[in-house]
Amino acid sequence: MAAVESDLVDLAGVSLETLRSFDGRVLAASLEELLRRIDMPQASVSDFNPAERFD
């Protein structure tokens, strides 16, 4: 599978216990980016057309 290019921190394989031990500053930039993207829902559902049927 091709890698997805992102500014978010890859937490795959990180246990919750390990995540709890991270310094908050390590994740701050990723959290800010995530919150920015959440505020832009049109980017999350680009090319979505509810009128288009696939059946």
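Here is a yes/no grid of residues against (1) modelled with pLDDT of 80 or more; (2) hydroxyl-bearing (S, T, Y); (3) surrounded by 10 or more Cβ atoms within 10 Å (Cβ to Cβ):
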site	(1), (2), (3)
L11	yes, no, yes
S21	yes, yes, no
A28	yes, no, yes
S46	no, yes, no
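Within region 15-31, residues that are of a type in the set (S, T, Y) and part of a helix (DSSP H, G or I) have Cβ atoms under 8 Å from residues that are modelled with pLDDT under 85 and exposed (fewer than 12 other Cβ atoms within 10 Å of the Cβ) in these pairs: S30/D7, counting only partners at least 6 apart in sequence or on another chain.
The values are calculated or read from the model by the stated rules, or taken from the named source; none is laboratory data. Predicted model only: the values in this text are computed from it and were never measured. Glycine gets a Cβ as well: all are built from the backbone with ideal geometry, and neighbour counts include every protein chain shown.
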